[in-house]
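For reference, the structure is listed below as structure tokens.
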Amino acid sequence: MTTEQQLQQRSGNQCELCGATANLSAYEVPPAQNLGADGFIYIDGKCLAQIDKKEEPDAAYWQNILPNSMWSEVPAVQVVSWRILNRFREEGWAADALDMMYLDDELLDYAKLTGDHTADAGVQFHKDSNGNILQQGDTVTLIKDLDVKGSTLNAKVGTAVRNIRLVHDNTEQIEGKIDGQLIVILTKYVKKQ
């Protein structure tokens, strides 16, 4: 039996955090420990995006889920629940849940390995002028004429910039090619197509 089949059987074909039945996949709880199915959880797309910080953290979403999933008998589910609760530890509901939750020493050490519990829920995203989240490879349109420093290039309003790259250490900047020249563009001057 494959790991995915074991997870499907263990979970009853539902997300082991929220109970959703669609868009499910196996998620190996980092860091990989070679625990077989015990190192994985069966999870839906919304929970996965939240865990991987690919969308804005949603405290209300987790407030309805974690007080139940934290009592799971599956160690990997307990670890993920503990990590997410720690992201929201400044909120009363999460602090109360953490006070009630118990992990044995070995499981607690595993939960702390990523250091995720020391971070807060806040995630910085690259956003366009309208607040839409930008992803690597998106196409954007300029909303302002831009003079490119160190060049004679003048990028006009409405110019499409395809296959953008995100500047990882600055959420207010992206990179893209205009007329074959790679330039840095401020996100406040673009809108996502």
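The modelled label-to-label distance between VAL148 and GLN9, using points 7 Å beyond Cα along the C-beta direction, is 5.9 nm. The mean sequence separation of alpha-carbon pairs under 8 Å and at least six residues apart, normalised by the residue count of the chain, gives a relative contact order of 14 percent. For the range 44-170, the solvent-accessible area works out to 55 Å² per residue, with a probe of 1.4 Å and every protein chain left in place. Of TYR189, TYR110, the residue with the largest accessible area leads and the full order is TYR189, TYR110 (1.4 Å probe). Among the listed values [x] -0.55, -1.14; [y] -0.63, -1.08; [z] -0.67, -1.24, the one computed from these coordinates for log10 I(q)/I(0) by the Debye sum over Cα atoms at q = 0.11, 0.18 Å⁻¹ is [y]. In sequence order, the range 134-144 has phi-based couplings of 9, 10, 3, x, 5, 10, 10, 10, 6, 10, 8 Hz under the Karplus curve 6.51 cos²θ - 1.76 cosθ + 1.60, θ = phi - 60°, and Gly or Pro positions carry x. Lysine pairs in the chain whose alpha-carbon atoms fall under 13 angstrom of each other, counting only those eight or more residues apart or on distinct chains, come to 8. Whole angstrom only: what separates the Cα centroid of the range 35-63 from the Cα centroid of the range 134-179? Taking the Cα centre of the range 134-179 as reference, the centre of the range 35-63 is 32 Å away.
Counting only protein heavy atoms and a 1.4 Å probe, tell me what percentage of the range 1-143's accessible area is made up of carbon and sulfur. C and S fraction of accessible area: 45 percent.
The values are calculated or read from the model by the stated rules, or taken from the named source; none is laboratory data. As the structure is a prediction and not an experimental result, all values here were calculated from the model. Note: ideal-geometry Cβ built from the backbone for every residue, glycine included; neighbour counts use all protein chains shown. When the accessible area is computed, the model is the full protein with side chains, heavy atoms only, and any ligands, DNA or RNA have been set aside. Shrake-Rupley method; radii C 1.70, N 1.55, O 1.52, S 1.80 Å.
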